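Reviewing the structure listed below.
Read-outs: derived from the displayed coordinates by stated rules, not from any lab. Please read all numbers here as calculations on a predicted model, not as lab measurements. Here the Cβ positions follow ideal geometry from the backbone for every residue, glycine too, while neighbour counts run over all protein chains shown.
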Amino acid sequence: MRIWVNGELRAADDARVSVLDHGLTVGDGIFETVRTTDGRPFALTRHLDRLARSARGLGLPAPDLDEVRRACAAVIEANPAALGRLRITYTGGISPLGSDRGTAGPGLVVALGEVKRRPDTTAVITVPWTRNERGALAGLKTTSYAENVVALARAHERGATEALFANTVGQLCEGTGSNVFVVLDGQLHTPPVASGCLAGITRALAVEWTGAQETELPFDVLERAEEIFLTSTLRDIQSVHRVDGRELPGGPGPVTTKAMSVFGERAGDDLDP
Ligand code: PLP
C-alpha cells in the first residue's frame with residue numbers, strides 16, 4: 001500500500017508521522033472515509049465540505065482542499081481496488097509536550113485499503129452510553145473515536161456488527177459509524193442532526209432521495225419500529241434484522257427495499273452527488 005503523508009506518496013512501511021503529533025497524543029484531528037468504486041470516489045465534494053466543517057469546529061487551520069483532492073487522486077492511482085476505503089486524516093500536527101496545539105502545521109495522511117461489500121442485513125445492539133448532543137465535538141468527525149471502538153467491540157462480543165447510542169435526553173441518535181432510520185406506521189424517519197448524530201453523507205442523500213422525515217425519536221422506538229436500517233459510506237443502506245434480542249421480520253421490509261433500490265439507482269448515476 002502507498003500512503004500520502006504530508007505532501008509525499010510513500011510505501012506504507014516508510015510512511016511516518018511524528019510521535020508528538022497532537023492527533024496521536026490527544027486525538028486532536030479529524031477524518032473522512034470515502035468509498036471508491038473502480039478507482040472513482042463517491043461524493044468526494046460532500047466529504048471535503050464536511051472535512052472543512054470539522055476543521056472549523058475543532059479550531060484546526062482550514063485544510064487545503066485542492067491538496068486533499070490531489071492526495072486522494074494520487075493514492076487512488078497508486079492502490080488499485082475494486083471497492084476501496086479512502087481514509088483522509090488531518091491532525092493538529094507536531095506539538096511539543098506541554099503546548100496546547102500543533103506548532104509545525106497540521107498533518108495530512110491519506111490511505112486506501114480494499115474492502116468487501118457489507119451484507120445487506122445485519123444485527124445491532126443498543127449500548128448504555130450516551131452521545132452528548134451539546135458537547136463540543138457533537139456532529140464533528142474527529143479522530144477521538146475511542147468511545148465508538150468500545151461500543152463496537154461490545155457489539156462484536158454479542159454477535160452484532162453495530163451499536164446504537166441514545167443522546168443525553170434519551171432520544172435515538174446514531175451508531176458507532178452509521179446513521180439510523182426507522183419505519184413507524186409505514187413512514188420513514190431518522191433523528192435530526194440536533195440529536196447529536198454525525199451529519200452523515202449517506203443519511204443526507206437517503207433523506208433527499210426517499211423523503212424520510214427528520215424526527216426526534218425516543219430510544220425505545222427500536223422496540224417497536226416496523227423496519228430499521230443503517231446508512232454509512234461503506235454500507236450505503238443496510239437493513240437491520242435484529243436489535244438486542246428482538247428479531248425483525250424476514251429480510252429488508254418494503255420501505256427499506258424501496259430505499260435501497262432508489263439509492264442504488266441514484267448513487268449509480270452520479271459519483272459526486
Ligand atoms: N455516524 C458516525 C459516528 C460515523 O462515524 C459515520 C461514518 O463513518 C456515520 C454516522 C455515517 O456517515 P457517512 O454516511 O458520511 O459515512
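Rg over Rh for region 87-222 works out to 1.02, using Cα positions for both radii and the Kirkwood form for Rh. Take region 52-103, drop everything but the C-alpha atoms, weight them equally and run the Debye formula without solvent; then report log10 I(q)/I(0) at 0.16, 0.22, 0.27, 0.28 Å⁻¹ to two decimals. At q = 0.16, 0.22, 0.27, 0.28 Å⁻¹ the computed log10 ratios are -0.62, -0.89, -1.06, -1.09. Karplus-based coupling profile of region 9-22, in residue order and whole Hz: 8, 9, 4, 3, 5, 9, 6, 9, 10, 5, 5, 9, 5, 5, with θ = phi - 60° in 6.51 cos²θ - 1.76 cosθ + 1.60 and x standing for Gly or Pro.
Net charge dipole, region 148-238: roughly 280 debye, given to the nearest 20, about the Cα centre with Cβ charges of +1 for Lys and Arg and -1 for Asp and Glu. Counting only alpha carbon atoms, the long axis of helix 65-78 and the longest principal axis of the chain meet at about 80°. Applying the Kirkwood pairwise sum to the alpha-carbon positions of the chain produces a hydrodynamic radius of 19.4 angstrom. Counting only DSSP beta bridges with both residues in the chain, the antiparallel share comes to about 80 percent. Rounded to the nearest 10 degrees, the angle from helix 44-58 to the longest Cα principal axis of the chain is 70 degrees. Each of 245, 215, 232 was scored by the projection of its Cα onto the charge dipole of region 162-273, and the greatest displacement toward the positive side belongs to 245; charges sit on the C-beta of Lys, Arg, Asp and Glu. Above 25 Å lies some portion of the pair distances; for region 1-123, what is it as a whole percent of all C-alpha pairs? It works out to 26 percent of all Cα pairs. Over the residues of the chain, the helix contribution to mean residue ellipticity at 222 nm works out to -8000 deg cm²/dmol, using -39500 (n - 2.57) for each DSSP H run of at least 4. Between the residues 202, 156, 96, the greatest Cα displacement towards the positive end of the dipole of region 93-226, with unit charges on the Cβ of Lys, Arg, Asp and Glu, is found for 96.
For the chain, the longest principal axis of the Cα atoms and the long axis of helix 146-157 meet at an angle of about 50 degrees.
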